[in-house]
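Right, one structure below, let's go through it.
No lab work stands behind these numbers, since they all come straight from the coordinates. Just so it is clear, the model here is predicted, and its values are computed rather than measured. FYI the Cβ positions are ideal-geometry reconstructions off the backbone, even for glycines, and counts take in every protein chain you see.
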Amino acid sequence: MDTLIFVGQAFSITLPILLSGLFFIASMKFGWFKALDKPIDFGFKFGKADLFGPNKNWRGALIYIIGGTLVTYLLHLMQTSRNWIAPVFGNNPLILGLAFCSTYVLGELVNSFIKRRIGIAPGSGGNFFQKFIDNTDGALATGLVFVFMYKVPIELLLGALAISLVIHAATDSLMRRLRLKSK
């Protein structure tokens, strides 16, 4: 496969999460859907700590799942005529989008749950390993969907993971500039 096509396909795998993530950032900046800023864990605790923490709310989850599924649908519509879009988007877009984006949110929740159990405060990263996991939790979870449900080649997913690390750093920087994130 041509290098440019490979990079394009790896990038296309990141688009449902990237675009819904940018929309989520805009929703925080402009106050859209604030009524959904209710914790996913409903304030329940596991021991003395929150299940997930205050940063995991319904606004984020729904924007990622619904928005990412819509982007998946658009990629599905364009996939046959554009070789830079990964072949996985030729599958049923509703099932792919819901599986992909729900798993992304689930990966974030599992990481938050673990961080609360080991005493890492919401919004902080911990040591190098935990910071790596914090930046890749959703991507690693979705990788499982792509590998086991859709047989996407590992090398393409590793390319998407590398791109997602760069994107994550850029969106974190954007959130700090917009004063939506303090660290």
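Here are the numbers for this structure:
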quantity	calculated
Contour minus Cα-Cα distance for Asn92 and Met1 (0.36 nm per residue)	30.3 nm
Dimensionless Rg over Rh [segment 80-178; C-alpha; Kirkwood]	1.02
Helix runs (DSSP H) in the chain reaching 24 Å along axis by Cα, Kyte-Doolittle at least 0.0	3-30, 93-117, 128-148, 154-177
Placed amide H near Asn57: partners under 5 Å, 5+ positions off or other chain	Ile40
Ranking of Phe23, Phe52, Phe30 by count of other Cβ atoms within 10 Å, fewest first	Phe30, Phe23, Phe52
